[in-house]
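Q: One structure is given below, represented as structure tokens, and several questions about it will come after.
The values are calculated or read from the model by the stated rules, or taken from the named source; none is laboratory data. Computed from a predicted model, the values in this text were never measured in an experiment. Heads up, the Cβs are rebuilt from the backbone with ideal geometry, glycines too, and the neighbour counts pull from every protein chain shown.
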Amino acid sequence: MRHHEPDREVFRKPGIVGALVTRIFKMLTKTILGAGFLALADQAIVSAGNFLMSIFLARALPPAEFGRYVLLFGMLVFANSVQLSVVIYPLLTKGATLSSIKVHKFASNSVILTLAQGIPFGGVIGFLCAKFYDPSVAPWLIGALLMWQIQETVRRVLISQLRYREVIVGDTVSYLGQSCFVYALIMINRLSFQNIFLVLALTSFIGFCIQTYQLKLDKVDLNEIYTLAMDFWKIGQWILLMTLVGFFTVQAFPWLLAVASGLRQAASFQATLSILNFSNPVMFSISNIIMISIARSHKTNSDPHEIRGILVAHALQGMIVLLPCFIILFIFPTGILSLVYGSTSPYVSLGINLRLFSVSYLFIYISIIASAYLGAFERNRSQFFIQLIGAIVACILCFPLISSFGARGAIIAITASSLVKAVVGLRYVAVLSLRGDSDSIISSSIDGRSERVSF
């Protein structure tokens with residue numbers, strides 16, 4: 001009896017591989033010339049603003065003071081990560097499928113939900129700042145948090161509608177504006193933590209006003225807010241758990257270093273990380289496009305081959321931008337550090353740390369792409385499991401490595417954790433894309449059936 005060999009038969013068909021390559025090429029061309037290019041342009045602006053501000057402060061502040069700033073700013077980053085989980089992430093998945101008529105009220109309700117979770121966080125951050133550092137900084141820290149979060153909400157609504165041409169205007173004022181203001185403070189010798197966070201609040205508020213005008217917010221509907229909050233929580237609860245677990249893969253390390261090795265080691269860690277942070281906006285813009293595009297493609301009942309083509313095309317788009325940069329950082333780390341911080345900076349000696357981080361960020365990119373693919377199908381438990389495995393590896397390695405090698409040990413732990421997350425993420429993507437079609441994936445996530453991905 002002759003056995004059927006479906007895999008070989010598929011690859012004997014002359015048009016299958018060629019059609020897939022053609023689809024990927026068309027997708028790359030479309031994204032480079034269309035929304036993909038604008039997304040990268042917008043995120044390049046965000047990246048430049050964050051990068052310049054961090055570099056200006058690292059050069060202007062003594063290492064111990066820069067380490068203190070890293071801890072204060074880290075509280076804002078953690079609070080924004082929570083907002084990302086329970087507001088921004090659900091906002092992107094729901095906003096991508098809304099009509100232009102419904103999006104205005106949706107945006108208004110989302111801003112209210114942002115404030116509902118942001119104000120309590122602001123109170124906690126203000127209390128910690130007043131208790132352990134300086135009460136005079138606390139109000140500006142709270143203001144920076146709330147203004148940053150409401151601007152992030154309206155910009156993400158625009159992004160969910162792929163309105164990048166409009167997003168760019170407000171982001172230019174907000175992110176490039178903050179770096180320009182901080183540089184001005186340095187030049188006139190008025191740099192202080194109060195002024196730094198005042199600048200963050202002011203530029204974020206201006207960006208919010210610009211993007212609110214573009215979006216044209218509608219009246220808040222109190223009846224819809226509760227329903228929207230429940231929908232957001234249903235989508236974001238696993239992402240919140242993932243964020244809390246993910247805190248121990250990168251964000252916790254400056255705090256651990258400050259406690260175990262002092263503020264200078266925390267500053268050294270951040271000085272190296274700041275250079276790699278140029279890649280964050282590229283990574284997250286690509287992941288946003290993947291999640292939104294695949295969600296929309298599924299809504300139009302696209303076939304699994306087209307969905308895989310979207311994933312590969314956008315992933316390659318980001319890799320084309322990032323890989324050459326990582327290679328340059330790996331080959332010339334000391335030269336890059338000297339160029340950024342100055343030849344006499346204490347951070348110039350961190351070449352090995354920069355090499356390790358460049359490898360780590362390649363793995364981080366792979367894991368983010370895998371997570372975006374899973375997120376498009378609301379496979380939140382899978383995303384959580386990826387973060388959980390990475391956090392376990394990081395926690396096991398960080399304490400002995402930090403005690404022995406300081407900031408370098410922290411980066412080694414992050415690199416190992418990132419490698420594990422990349423491998424596990426690719427495994428999930430392979431199982432979902434090769435062993436099941438998109439319809440079965442979506443239906444299982446909607447009706448709450450347990451996921452069947454195994455290792």
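Q: Taking I196, is it aliphatic (A, V, I, L, M) and either more than 13 Å from W140 (Cβ to Cβ) or more than 23 Å from the chain's Cα centre (by Cα) (or both)?
A: Values: aliphatic (A, V, I, L, M): yes; either more than 13 Å from W140 (Cβ to Cβ) or more than 23 Å from the chain's Cα centre (by Cα) (or both): no.
No, not satisfied.
Q: Let me ask something else about it. Can you name every residue in the stretch 116-142 that is surrounded by 15 or more Cβ atoms within 10 Å (Cβ to Cβ), within 26 Å of Y213 (Cβ to Cβ) and either in contact with an Asp or Glu (Cβ under 6 Å, 6 or more places away or on another chain) or among the hydrophobic types (A, V, I, L, M, F, W, C) (or both)?
A: Within the stretch 116-142, W140, I142 meet the criteria.
Q: Can you go through S268, S204 and tell me which one is assigned by TED's automatic domain parsing to the domain that holds G351 and not β-branched (V, I, T)?
A: S268
Q: Still on this structure, please answer the following. For the stretch 240-247, indicate whether the set of residues that are outside any helix (DSSP H, G or I), touching a residue at least 12 places away in the same chain (Cβ under 8 Å) and closer than 30 Å to G409 by Cα is non-empty. It would help to see each step written out before you state the result.
A: Quick first cut of the stretch 240-247, residues outside any helix (DSSP H, G or I) only: 247.
Narrowing further to those that are touching a residue at least 12 places away in the same chain (Cβ under 8 Å): 247.
When the remaining residues are screened for being closer than 30 Å to G409 by Cα, the result is 247.
Among the residues of the stretch 240-247, at least one is outside any helix (DSSP H, G or I), touching a residue at least 12 places away in the same chain (Cβ under 8 Å) and closer than 30 Å to G409 by Cα, which makes the answer yes.
Q: Any idea which of (1) closer than 29 Å to R379 by Cβ; (2) without any contact (Cβ under 8 Å) to a residue 12 or more places away in the chain is the one V321 doesn't satisfy?
A: Failed condition: (2).
Q: Do we find a residue being at pLDDT below 95 and over 19 Å from M53 (Cβ atoms) anywhere in the stretch 176-195?
A: no
Q: Out of the stretch 276-306, which residues are in contact with a helix residue (DSSP H, G or I) (Cβ under 6 Å, 6 or more places away or on another chain), part of a helix (DSSP H, G or I) and hydrophobic (A, V, I, L, M, F, W, C)?
A: L276, V282, M283, I286, I289, I290, M291, I294, A295
Q: Determine, yes or no, whether Q211 is buried (at least 18 other Cβ atoms within 10 Å of the Cβ) and polar (S, T, N, Q).
A: Details: buried (at least 18 other Cβ atoms within 10 Å of the Cβ): yes; polar (S, T, N, Q): yes.
When the stated conditions are applied, Q211 passes them.
Q: Just for helices (runs of 4 or more DSSP H) wholly inside the stretch 96-195: which have at least 2 residues that are in the same structural domain as Q83 (by TED's automatic domain parsing), of a type in the set (D, E, K, R) and more than 21 Å from F73 (Cβ to Cβ)?
A: Numbers: elements: 103-132, 138-160, 164-171, 177-187.
Here the list reads 164-171.
Q: Now for a separate question. Restricting to the stretch 182-192, count the residues that are buried (at least 18 other Cβ atoms within 10 Å of the Cβ) and within 25 Å of P281 (Cα to Cα).
A: Counting residues in the stretch 182-192 that are buried (at least 18 other Cβ atoms within 10 Å of the Cβ) and within 25 Å of P281 (Cα to Cα) gives 1.
Q: Let me ask something additional. Taking the stretch 230-256 as the search range and keeping residues that are modelled with pLDDT of 85 or more and under 30 Å from L72 (Cα atoms), which one is farthest from the chain's Cα centre (by Cα)?
A: The extreme case among them is L256.
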